[in-house]
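Quick note: the coordinates plus some simple rules give every number you see, no bench work behind them. Values in this document were obtained by computation on a predicted structure and should not be read as measured data. Neighbour counts run over all protein chains shown; Cβ positions are idealised from the backbone, glycine included.
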């Protein structure tokens, strides 16, 4: 009985079946709490709103932390059902050390500090940690999960592109520094300081407050702008191709599922992000 309940809780929290109405409802509820708490952080930065609705924000924060504490405890309890984590102790330790679990714990723990320091104003201060829960929205949202899978699939290409951008930024900033430092020492005092100009120029933003004035500096700056357009377009192209591959892959899986249903074969449920645990005895 306990094992069946445990497995059912796992299915709900991990949304192993997209057709499970209760699983979708629970995930939507948790996602809504995250969004509303982040909205509270934003609204509380306005002094007039914080002064008028501060007690309401405090009450909502307490309700939210109770819900998220229960979620974390349940996820920790059923984490040994995850494939590869069958060891009751080791599986839970691996879960607790996973990035999403660390984020959850970092959000939850500060809320219990008022037990030692009973001051609700402190509660408002630690609510800023809710911003970090946005990093784990892929657990509850299909669209955010798609973005996470695309980044994971293209991480090598994105890493190479990142280092290429850093190299080119350093090279361009160094060139402009040596060409402009003697003429504009206040605007280009060092290579690290020049990197701010280089980043704005490579991204074609350019505030216009700092710019080359020498002939060679203008020529180099023009080349940097032209090359920067292509350089910063690379991550966009990589992510775009990743989204196309992800959408096509899921469309293929759905087509295969429909074909199996049409042929009357047993159909495996299409998981959203993780495999289902083995059947309970």
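The slack in the chain from residue 60 to residue 36, taken as 0.36 nm per residue of separation less the alpha-carbon distance, amounts to 7.7 nm. Computed extension gain for residue 48 through residue 171, at 0.36 nm per residue and net of the alpha carbon distance, reaches 39.5 nm. Label-to-label distance, residue 190 versus residue 205, with points set 7 angstrom from Cα along the beta-carbon direction: 2.1 nm. Rounded to the nearest 0.05, the FRET efficiency derived from the C-beta distance between residue 159 and residue 181 at R0 = 35 Å is 0.60. Working note: Cα atoms of the range 155-263, range along each principal axis, descending, whole Å: 77, 20, 18. The residue 109 and residue 225 beta-carbon pair, evaluated with R₀ = 41 Å, returns a calculated FRET efficiency of approximately 0.30. Cα-Cα pairs above 19 Å in the range 140-216: how many percent? Distances greater than 19 Å cover 49 percent of the Cα pairs.
Extension gain, residue 263-residue 77: 0.36 nm per intervening residue step, less the Cα-Cα distance, totals 63.1 nm.
Taking label points 7 Å from Cα along the Cα-to-Cβ direction, residue 8 and residue 70 give a separation of 1.5 nm.
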